[in-house]
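Asker: Sharing a structure below in structure tokens format, with a few things to ask.
Every number in this text was worked out from the coordinates using simple rules, so none of it is lab data. All values reported here derive from a predicted model rather than from experimental measurement. No Cβ is skipped: glycine too gets one built from the backbone with ideal geometry, and neighbour counts run over all protein chains shown.
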Amino acid sequence: MKIIDVVVDVVRIPRQTGFICQHAIVQILTNEGVTGIGEMSDFSHLPKYSLDVNDLTATLKAQLVGRNPFELITLNQEMSELFPETMYYYEKGTFIRCGIDIALHDLVGKALGVNVSTLLGGRIRDRIKVCYPIFRSRTLEEVEANVEIVRKRFAQGFDVFRLYAGVNADADEAFLSAVKQEFGSQVTIKSLDFSHLLDWKSALRLTKRLLPYGVQLVESPATRNDTEGLRNFRMAIDLPVSEHVWSFKQLQDMIQRDAVDIFNIALIFIGGFSAARKAASAAEVAGKGVLIGTTQELSFGTAAQAIFGASLTNLNAISDPTGPELYVDDVTVEPVKYEDGFLIVPDAARPGLGMEIDWAKVDRLRVDGFSWGDQNVANLQDRTRAANE
Ligand code: GAE
Ligand code: MG
Ligand code: MG
């Protein structure tokens, strides 16, 4: 079997928060009529540092056309040379590598007539507990709208939430206090996510202030790549600490320094199934847990994350992928399903990822490229529309 073409479609889809994200759907076509599909999710991080989609397509074609898609290891190695890791959380190279690796797995699964789970060694669970994200309140006035999101999502079965914190401490406390008062033990706050905004001492001070409201763990409580700060934080607090994995070097540093308890692994931030499996295995060998993180994928990318999560023996914290609930639209025939706050792993009997793209939806949502255009960049960190929009 040989690859004969690579096609990249960019779609632009708003979130419920008003923030608009771009994603690429990549198709890898073969001479035997089998096509693999991958998702490069959420290119809206670093929006002014954008890729030329025609140039990207030409690069991918030059590398992949004529090649055997079953050569997953070699092709992944080559992609890592073309798009090397940069030790940066929102590095775009990992998004590209991820989309290609997902597409190759989908292709190989379809060619063999098996689900991607079979390629990964099967499943040890068929659903994954997830939490709904509450984006940072920048002012006290924004708190009530976030409590309202908890009300609405709780009614739909989501009983775990995570809070992006660290910009306005009073607002963080007001939110946690309101949720505790209204929902008591019916609602769990999985984590405070500081998104590397604070140095570890500031994060520690704020965490201590918010502890009485009850949280399960703390994520990214130090500046980016400050592994020592993460360790200092971890040793100073009696709660598990999680951090995203965005490079093997960074993962090695965190393991060496014993800096975290739980590695937050998302296919998109490490470069697809192959890379994510290596990271999860390293975590397991080091005696650490894993949670499935998210950039907020569409249903296709979320299905890939679910299949990965279903294979993990050390998935021991509540996970994050809720993109399909967050976006107002999607590109698959059927979305992935959520029940009682669990992400349901797509049907194991279906080949590939088991998800079908609705090309009419792609046509409706397609844009020319990744350019950020007229969107305001003011509130990128908080993934919401700017207050003045
Ligand atoms: O830090 C996190 O856990 C988030 O999921 C973070 O990566 C977000 O910025 C996410 C988003 O687009 O909302 O990527
Ligand atoms: Mg995070
Ligand atoms: Mg994202």
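Asker: Compute the distance in nm between two label points, each set 7 Å from the Cα along the Cα-to-Cβ direction, one at Q181 and one at E71.
Answerer: For Q181 paired with E71, the spin-label model returns 6.4 nm.
Asker: If the elastic network links every pair of Cα atoms under 10 Å, which of G289, G184, G122 fluctuates the most in the Gaussian network model of the chain?
Answerer: Between G289, G184, G122, it is G184 that shows the largest mean-square fluctuation.
Asker: Contour minus end-to-end for K48 and M235, with contour as 0.36 nm per residue of separation and end-to-end as the Cα-Cα distance?
Answerer: 63.6 nm
Asker: To continue, here is another question. Over the chain, with a Gaussian network built from C-alpha contacts below 10 Å, which listed residue (A103, A236, A203) shows the highest mean-square fluctuation?
Answerer: With Cα springs under 10 Å in the chain, the top fluctuation among A103, A236, A203 is at A236.
Asker: Could I ask something else about it? Relative to the longest principal axis of the chain, what angle (0 to 90°, nearest 10) does the C-alpha long axis of helix 72-82 take?
Answerer: Compared with the principal axis, the helix lies near 70 degrees.
Asker: Another one. Using only helices, what value at 222 nm comes out for the chain when you add -39,500 (n - 2.57) per DSSP H run of length 4 or more and divide by the total residues, to the nearest 500 deg cm²/dmol?
Answerer: After summing the helix terms and dividing by residue count, I get -11000 deg cm²/dmol.
Asker: Sorted from largest down, what three extents in whole angstroms do the Cα atoms of the stretch 229-348 have along their principal axes?
Answerer: Each principal axis gives a Cα extent; for the stretch 229-348 these are 46, 28, 22 Å.
Asker: Out of every Cα pair in the chain, what percent are spaced more than 27 Å from each other?
Answerer: Result: 47 percent of Cα pairs exceed 27 Å.
Asker: Relative to the present Cα-Cα distance, how much length would full extension add between A155 and N376 at 0.36 nm per residue of separation?
Answerer: 76.3 nm
Asker: Rounded, prolate or oblate: pick one for the stretch 51-152, where a ≥ b ≥ c are the square roots of the eigenvalues of its C-alpha gyration tensor, a/c under 1.5 means rounded, and failing that, prolate if a/b is larger than b/c, else oblate.
Answerer: It is oblate, given that a/c is not under 1.5 and a/b is not larger than b/c.
Asker: Cα centroid distance between the stretch 211-265 and the stretch 179-208, in Å?
Answerer: The stretch 211-265 and the stretch 179-208 have Cα centres separated by 14 Å.
Asker: If one takes the longest principal axis of the Cα atoms in the chain, at what angle in degrees, from 0 to 90 and to the nearest 10, does the Cα axis of helix 143-155 lie?
Answerer: Between the helix axis and the principal axis of the chain, the angle is about 60 degrees.
Asker: Return the distance in nm (one decimal) between the two label points of a simple spin-label model at D55 and A145, each offset 7 Å from Cα along Cα→Cβ.
Answerer: 3.6 nm
Asker: Suppose R0 equals 45 Å; then what is the FRET efficiency for V367 and Q256 from their Cβ-Cβ distance, rounded to the nearest 0.05?
Answerer: Efficiency, from the Cβ-Cβ distance: 0.55.
Asker: Another question, then. Could I have the simple spin-label model distance between Y88 and N316, label points 7 Å from Cα toward Cβ, reported in nm to one decimal?
Answerer: So the two model labels end up 3.5 nm from each other.
Asker: Helix 53-64 versus the longest principal axis of the chain: what angle, 0 to 90°, nearest 10, using Cα atoms?
Answerer: Computed tilt is about 60 degrees.
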